[in-house]
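Accompanying notes for the structure given below.
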Amino acid sequence: MSLNAQQIAILKYGGGGDWYSNPTALPNLIRFCNSNIGTKIDSEPETVEAGSVSLFKYPFLHMTGHGNVFFTDEEAQNLRTYLLSGGFLHIDDNYGMEPYLKRELNKLFPDKPLEELGADHPIFSQTFSFPDGLPKIHEHDGKRPQAFGIFDKGRLILLYTYECDLGDGWEDPAVHNDPEEVRLKALQMGSNIVEYAFKS
């Protein structure tokens, strides 16, 4: 698999969900990573479609949205091959994605269910320490934040962050008016995810 460790991409998917939401999030996360964990990621993320061969150029894909998600069988196979070949996908539920996403993930990996990550998983103890696991950034339904993963041969290949809204915390301060300490937690957790993905 040809990976360019200097670029990350937003995953564009079908179904009508807003894959393009949180436009300032990834550029801000990239800037934070380059300043704090020694990465040299291109300042602007690319956009790549689920069925594209270009998927394999990126070691890290980010996916978000609020609504419907749909992968064709060909797209599901392409994503599966990408992940099993060394790629990494972070899915951040921006609120409302869960029922559609779980249906589509079953297309990708009918044999690999989502597993909840414990607070002792290494993704929570990279450069920044989160001893209690995934932080809560935005409140919706009063549920606790959860991190779920899909593993292959012990490697975390897909991370799904739920009831957390990390991407909202990465956005420009004026978008959500989050306190600086909340934004910082979101950016630190995001950089841990990038660091883990680049090293694994």
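Brief remarks follow.
- Cα-based shape type of the stretch 33-108, given that a ≥ b ≥ c are square roots of the gyration tensor eigenvalues and the cut on a/c is 1.5: oblate
- Using a probe of 1.4 Å on the protein chains alone, the accessible area found for residue 20 is around 140 Å².
- Mean accessible surface per residue for the chain, computed with a 1.4 Å probe while every protein chain stays in place, in Å²: 43
- Residue list for the stretch 128-172, given a label point 7 angstrom along the Cα-to-Cβ vector of residue 107 and an amide N cut-off under 11 Å: none
- Partner aspartates and glutamates for residue 185 [C-alpha distance under 12 Å; skip if fewer than 8 residues away on the same chain]: 165, 168
- Kirkwood radius for the stretch 67-173, taken over all pairs of different Cα atoms as the inverse mean of 1/r, rounds to 14.8 Å.
- For 19, 170, the ranking by accessible surface with the largest value first comes to 19, 170, using a 1.4 Å probe.
- Rounded to the nearest 10 square angstrom, residue 121 shows an accessible area of 30 square angstrom against a 1.4 Å probe.
- Temperature 20 °C, viscosity 1.002 mPa s: under these conditions the Stokes-Einstein estimate for the chain, based on its Kirkwood radius over C-alpha pairs, is 129 µm² per second.
- Legend: calculated FRET efficiency, residue 36 to residue 155, from the Cβ-Cβ distance at R0 = 25 Å, rounded to 0.05, equals 0.55.
- Each of 103, 144 has its accessible area taken with a 1.4 Å probe; listed largest first, they run 144, 103.
- Under the shape rule built on the C-alpha gyration tensor, where the axes satisfy a ≥ b ≥ c, the stretch 104-160 is oblate, since a/c reaches at least 1.5 while a/b does not exceed b/c.
- For the set 141, 168, solvent exposure ranked by accessible area (probe 1.4 Å, protein chains only) runs largest to smallest as 141, 168.
- Cα gyration tensor shape of the stretch 1-80, rounded if a/c is under 1.5, else prolate or oblate by comparing a/b with b/c: oblate
- The chain, dipole about Cα centre (Lys/Arg Cβ +1, Asp/Glu Cβ -1), debye to the nearest 20: 600
- Additional length obtainable on full extension of the chain from residue 52 to residue 72, 0.36 nm per residue less Cα span: 6.0 nm
- Cα-based reach from residue 57 at 25 Å (exclusive), listing lysines while leaving out same-chain residues under 8 positions away: 12, 40, 107, 112, 153, 199
The values are calculated or read from the model by the stated rules, or taken from the named source; none is laboratory data. The model shown is predicted, which means the values in this text are computed figures rather than measured ones. So basically every Cβ, Gly included, is an ideal-geometry build from the backbone, and we count neighbours across all protein chains shown. Heads up: the accessible areas ignore ligands, DNA and RNA and are worked out on the full protein's heavy atoms, side chains in. Shrake-Rupley method; radii C 1.70, N 1.55, O 1.52, S 1.80 Å.
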